[in-house]
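In what follows, a structure is listed as structure tokens, so that the remarks can point back to it.
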Amino acid sequence: MTPAQFLARVKKATPPAVLLLGPEAYERRRIREALSASYASDAITRYDLSEVTLAEVLDDARSLSLFASERLIWVVNAEAVLPKGRAAAADDDDGEGGGGSGDSGPLSEYLKDPTPEVAIVFEASRFDFEGDDKRKQDRVRKFYAAIPDVVELRRYSSQDARREAETLVRASGFRIEAAALDLLVEALGADIARIAVEIEKLSLYAGGREIGVDDIVALAPDARATNIFALVNALGRRDRARALGILDTLTREGEYLPLALAFLSTQFRMALVAREAGLKSSGAVQAHFTRMGGPMWGSRAEQVYQTVSKFTQPQLERAIGLIFQADRGLRDARPDDRIVMERFILELVV
């Protein structure tokens, strides 16, 4: 189930056992806060399965408390009880649980007759849902198969992170430019847990004024590297002075200039596609690329359309050729990257 579905369910009743599966820290924190609010502080017990055994956790769950009838047992590092070595190989081959600390039998027995008013939450956050982690996560899911309530904590997509960030900004009561919010989401890799922390800081910093792109670049971790995007935007507006100034900043900060060139290539290719398609507004650009299978934020569509409006089709085609030449120049033996990029800017914006 999704985190939202689980939070809706616990408003009625908390199941005897829950498995939180996946790396998304933001939703995990929301669930922890929602559950913890329903229990007295002395009714919450925390365990780490890298330090104690599953049997110890279940023994505690079976015991009656003298101080609280309703109890929450929160268990982290749930992956630590998985079979290791040869036991793990056997587990993969025959589908059965391993022995010793890797035996899930006690959990199955407990859940046949769980202690009333005791909820156990197992937190398995180490493995993701894709790539090399998927097989390991499948083993976690299989070990805890006796738990019917599994909450999948999947990472936010860029679009979902953007929407959640908007909600957090509204709740924090300050204003932020759309481009600045896009920059924050992009700079932090759509990591909504980190975005939430930065939005909390920005709400204190805002002081009643609107937060802009310069504020994000100055305050948010990793956002300084997004001067690369500022360079792309300046060239898209044919602003030579601004582009050269940003190039100076990028050079002093030791940024990887071929990365800037890669972003420029994407920008001008999109602009050329938009011009050939005869698109007449940023909304049309956004709709066109979304239909082609590449969802696009409104501010990104505005950047592409701005480039379309500043460059004719022959100029866009020439720009792509200049990008190719600059890329080849950056790959020469011992190139001076700054000189290569300065020449590119001067030739592009004439």
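The values are calculated or read from the model by the stated rules, or taken from the named source; none is laboratory data. Predicted model, so just to flag it, every value in this text is computed and none were measured. Positions of Cβ are generated from backbone atoms using ideal geometry, with glycine treated the same way; all protein chains shown enter the neighbour counts.
Just so you know, in segment 20-76 the residues that are among the acidic types (Asp, Glu) and in a helix (DSSP H, G or I) include one that is nearest to Asp149 (Cα to Cα), and it is Glu27. With respect to the conditions (1) surrounded by 21 or more Cβ atoms within 10 Å (Cβ to Cβ); (2) closer than 26 Å to Asp336 by Cα; (3) touching a Lys or Arg at 6+ places or on another chain (Cβ under 9 Å), Glu255 falls short on a single one, namely (1). For segment 106-205, the helices (runs of 4 or more DSSP H) that sit wholly inside it and include 1 or more residues that are buried (at least 19 other Cβ atoms within 10 Å of the Cβ) and at pLDDT 90 or above are 133-143, 158-172.
Close Cβ contacts (under 7 Å, 6 or more residues apart or on different chains) running from residues in segment 300-312 that are under 12 Å from Ala234 (Cα atoms) to residues that are of a type in the set (D, E, K, R) and modelled with pLDDT under 85 comprise Gln306/Arg237; Lys310/Arg237; Lys310/Arg238. Considering every residue within segment 76-92, establish whether at least one is β-branched (Val, Ile, Thr), at pLDDT 90 or above and either exposed (fewer than 12 other Cβ atoms within 10 Å of the Cβ) or out of contact with any Cys (no Cβ under 9 Å at 6 or more places or on another chain) (or both). Checked segment 76-92: at least one residue is β-branched (Val, Ile, Thr), at pLDDT 90 or above and either exposed (fewer than 12 other Cβ atoms within 10 Å of the Cβ) or out of contact with any Cys (no Cβ under 9 Å at 6 or more places or on another chain) (or both). For segment 104-133, taking the residues that are over 18 Å from the mean Cα position of the chain (by Cα) and among the hydroxyl-bearing types (Ser, Thr, Tyr), the one that is nearest to Arg62 (Cα to Cα) is identified as Thr115. Would you confirm whether or not segment 223-230 contains a residue that is modelled with pLDDT under 85, closer than 21 Å to Glu347 by Cβ and not basic (Lys, Arg)? Yes, that holds for at least one residue.
Can you tell me which residue is nearest to Lys310 (Cα to Cα) among those in segment 248-277 that are among the aliphatic types (A, V, I, L, M) and at pLDDT 85 or above? The selected residue is Ala271.
For segment 322-339, the tally of residues that are farther than 24 Å from Thr312 by Cα and among the hydrophobic types (A, V, I, L, M, F, W, C) stands at 3. Exactly one of (1) surrounded by 16 or more Cβ atoms within 10 Å (Cβ to Cβ); (2) over 20 Å from Pro116 (Cβ atoms); (3) at pLDDT 85 or above; (4) more than 30 Å from the chain's Cα centre (by Cα) is unmet by Gly22. Its number? The single condition Gly22 does not satisfy is (4). From the list Phe324, Phe344, the one residue that fits, being in contact with a Ser or Thr (Cβ under 9 Å, 6 or more places away or on another chain) and in a helix (DSSP H, G or I), is Phe324.
Filtering segment 283-299 down to residues that are in a helix (DSSP H, G or I) and in contact (Cβ under 8 Å) with a residue 24 or more places away in the chain, which residue is nearest to Leu257 (Cα to Cα)?
Ser299
Checked against the criteria, Val285 counts as more than 23 Å from Glu255 (Cα to Cα) and either at pLDDT 85 or above or in contact with a strand residue (DSSP E or B) (Cβ under 6 Å, 6 or more places away or on another chain) (or both).
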